[in-house]
Amino acid sequence: MAAMMQTLGANPFADRAPTATTAVMVTDQATGPSSDQPRARRTACIIGAGLTGLTAAAELQAGGWKVVVLDKGRAPGGRAATRYLSDRSQRCDVGAQFWTARDPAFAAATAAWVQAGWAEAWGQGFPLLNANGLHVGGDAFARWRAVGGMVTLARHLAQELDLRAPRTVTALQPVGSAWEVIHVGGDAVRGEATAPAEILRADAVIMTMPVPQILTLLAPLAFPIPPEIGAVQYDRCLYLLAEKNQGEAILPNPGGIRIEDGALGCTWIASARQRGLRDRGEGIILHADAQLSTNLWDDEPAQQMAILRDRLAAVLARLDVSWTPDNAEVRRWRYGRCSQTVPELLWSPGSGLFGAGDAFGAAPRVEGAWLSGRAVAGAILRGH
Ligand SMILES: Cc1cc2nc3c(=O)[nH]c(=O)nc-3n(C[C@H](O)[C@H](O)[C@H](O)COP(=O)(O)OP(=O)(O)OC[C@H]3O[C@@H](n4cnc5c(N)ncnc54)[C@H](O)[C@@H]3O)c2cc1C
């Protein structure tokens with residue numbers, strides 16, 4: 001099927017060849033051409049509507065750029081996701097559960113979200129369950145959660161943006177000083193392409209997906225990859241989503257517990273109701289740790305279910321809670337929490353091609369994704 005061409009406005013630098021010869025990693029402080037130079041309105045395509053992509057898009061749009069965001073998922077948010085069990089009886093946040101805001105700029109953004117009614121406090125630290133029992137206690141940092149689930153926050157952040165989803169970017173090609181972004185309808189990574197290819201042309205492309213997916217897209221291009229990128233790692237995460245058609249909260253307040261006990265093989269359990277998602281019943285999310293997730297990854301779904309239900313029963317027994325779900329599902333994050341980051345953004349001088357995300361920076365979490373999105377947009381607005 002012939003690809004359709006969409007152009008994001010005129011390219012004012014059409015006679016400048018891309019210079020993808022030396023890839024470097026830059027910090028937010030990198031300097032570029034003076035920002036008081038007059039600059040034509042320019043165009044960007046952002047791949048990924050997670051918190052990195054949504055933040056970068058909003059910053060660039062505020063800076064006068066025309067921006068399109070493409071995501072292979074139906075809903076924005078990426079790993080900040082809220083899912084229903086398949087009978088749609090109960091929602092749960094299944095990736096990021098809450099966030100901290102240590103950076104002043106991110107604290108200000110969080111305060112603005114609270115003011116808008118998009119976010120609310122969720123205590124100052126969660127109880128810890130380890131081999132010695134349950135330890136209640138907090139720390140100095142407020143935890144925040146999204147009102148209505150993480151996907152609702154992502155939808156708020158996307159509401160002023162041109163977000164096209166589900167669209168999977170399958171290839172990039174340089175054309176003069178710009179890029180053509182080839183994308184198909186649906187989630188082509190899962191083999192679920194639903195619509196023909198289209199081409200979108202933009203002056204800058206920001207790739208915000210997990211690094212292995214960035215590298216897949218870069219593989220056919222002569223784009224030099226800094227060797228440090230090879231060190232980035234993500235933990236796999238299997239999780240159990242369990243539900244009972246009866247809305248009783250079952251966990252001690254505030255409804256989330258960190259787990260550090262190799263015998264349990266889990267990192268986190270939380271109650272959807274206590275977290276503020278009040279649907280028909282009670283929903284419980286249980287995250288398996290990296291080792292258990294890796295061990296079970298290729299097992300049959302029935303085997304994964306049996307083991308994770310067993311772990312849920314063991315965790316609840318340790319909490320003296322009697323609760324048997326009516327319904328449960330096992331799902332997974334292939335690229336879950338980033339366990340090894342690199343300090344800076346990925347880009348190649350003058351190429352208009354950028355990599356950003358929670359793997360780029362010191363904080364591989366919601367805050368780090370937001371900061372990375374802001375940093376890459378800042379670098380572009382400064383003329384990189
Ligand atoms: C189980 C789990 C628990 C977590 N808990 C917490 C927590 O409690 N607190 C916290 O702060 N952080 C937590 N995190 C980390 C946090 O979720 C991430 O750091 C953050 O959401 C990453 O955002 P991102 O935008 O960088 O990447 P992502 O959210 O991964 O966004 C990348 C996007 O790119 C899209 N994409 C990928 N390939 C393509 C393609 N080819 N074409 C189009 N789109 C594409 C994806 O669909 C996705 O939407 C957790 C993560 C996991 C997995």
Revision key, fill the gap. If you go through ASP358, ASP326, ASP299, ASP310, the only one that is more than 29 Å from GLN124 (Cα to Cα) and touching a Gly at 6+ places or on another chain (Cβ under 8 Å) is ASP326
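Within the range 165-191, take every residue that is surrounded by fewer than 18 Cβ atoms within 10 Å (Cβ to Cβ) and within 12 Å of the ligand (Cβ to nearest atom) and give me the one that is nearest to LEU353 (Cα to Cα). Before the answer, list the steps.
First pass over the range 165-191, keeping only residues surrounded by fewer than 18 Cβ atoms within 10 Å (Cβ to Cβ): 170-171, 173, 175-176, 182, 186, 189-191.
Now restrict to residues that are within 12 Å of the ligand (Cβ to nearest atom): 170-171, 182, 186, 189-190.
Working: THR170: 15, ALA171: 13, ILE182: 14, GLY186: 24, VAL189: 21, ARG190: 25 Å.
Result: ALA171.
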Exercise for review: Restricting attention to the range 319-342, report how many residues are outside any loop (DSSP other than H, G, I, E, B), touching a Ser or Thr at 6+ places or on another chain (Cβ under 9 Å) and not aromatic (Phe, Trp, Tyr).
Suggested key: 3
Exercise for review: State yes or no: is ALA23 at pLDDT below 95, among the small types (Gly, Ala, Ser) and in contact with a Pro (Cβ under 8 Å, 6 or more places away or on another chain)?
Suggested key: yes
Check your understanding: Is one or more of the residues making up the range 362-378 outside the structural domain of THR43 (by TED's automatic domain parsing), closer than 25 Å to CYS237 by Cα, assigned to a helix (DSSP H, G or I) and free of Cβ contacts under 8 Å to residues at least 60 places away in the same chain?
Key -> no
Revision key, fill the gap. Of the residues in the range 334-353, those that are crowded, with 24+ Cβ neighbours inside 10 Å and within 13 Å of the ligand (Cβ to nearest atom) come to CYS338, LEU345, LEU346
Practice item. Kindly indicate whether any position in the range 198-211 is in a helix (DSSP H, G or I) and closer than 20 Å to LEU346 by Cα. Key: yes
Point to revise | Hey, LEU319 in contact (Cβ under 8 Å) with a residue 40 or more places away in the chain, among the hydrophobic types (A, V, I, L, M, F, W, C) and more than 17 Å from LEU251 (Cβ to Cβ) or not | key: no
Point to revise | Which listed residue, of ASP279, ASP299, is modelled with pLDDT under 95, more than 12 Å from the ligand (Cβ to nearest atom), farther than 30 Å from ALA107 by Cβ and among the charged types (D, E, K, R) | key: ASP279
Exercise for review: Being more than 13 Å from GLY95 (Cα to Cα) and surrounded by fewer than 24 Cβ atoms within 10 Å (Cβ to Cβ) is the filter here, so list the residues in the range 272-285 that pass it.
Suggested key: ARG273, GLN274, GLY276, LEU277, ARG278, ASP279, ARG280, GLY281
Check your understanding: Hey, any hits in the range 189-205 for a residue that's among the acidic types (Asp, Glu), outside the structural domain of VAL67 (by TED's automatic domain parsing) and modelled with pLDDT of 95 or more?
Key -> no
Revision key, fill the gap. Filtering the range 128-164 for residues that are on the phi < 0 side of the Ramachandran plot, surrounded by fewer than 19 Cβ atoms within 10 Å (Cβ to Cβ) and either assigned to a strand (DSSP E or B) or within 11 Å of the ligand (Cβ to nearest atom) (or both) leaves a count of 6
Review point. Under 9 Å by Cβ, and 6 or more places apart or on different chains, what pairs join a residue from the range 328-347 that is more than 21 Å from THR294 (Cβ to Cβ) and among the acidic types (Asp, Glu) with one that is away from the ligand (no atom under 13 Å from the Cβ) and not in a loop (DSSP other than H, G, I, E, B)?
Key: GLU344/VAL24; GLU344/MET25; GLU344/VAL26; GLU344/GLU228
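Against the condition among the acidic types (Asp, Glu) and either away from the ligand (no atom under 15 Å from the Cβ) or buried (at least 21 other Cβ atoms within 10 Å of the Cβ) (or both), how does ASP93 come out, does it pass?
In short, yes.
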Study note, to complete from the structure: Residue hits (the range 214-263; part of a strand (DSSP E or B), within 12 Å of the ligand (Cβ to nearest atom) and over 18 Å from ASP93 (Cα atoms)) are TYR234
Review point. Do you know which of the residues in the range 48-90 that are among the aliphatic types (A, V, I, L, M) and part of a strand (DSSP E or B) is surrounded by the fewest Cβ atoms within 10 Å (Cβ to Cβ)?
Key: VAL68
Check your understanding: So ALA363 fits all but one of (1) within 11 Å of the ligand (Cβ to nearest atom); (2) more than 24 Å from SER177 (Cβ to Cβ); (3) of a type in the set (A, V, I, L, M); (4) crowded, with 21+ Cβ neighbours inside 10 Å; what number is the exception?
Key -> (4)
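The values are calculated or read from the model by the stated rules, or taken from the named source; none is laboratory data. Everything quoted here is computed from the prediction, not taken from an experiment. Cβ: placed from backbone, ideal geometry, glycine included. Neighbour counts: every protein chain shown.
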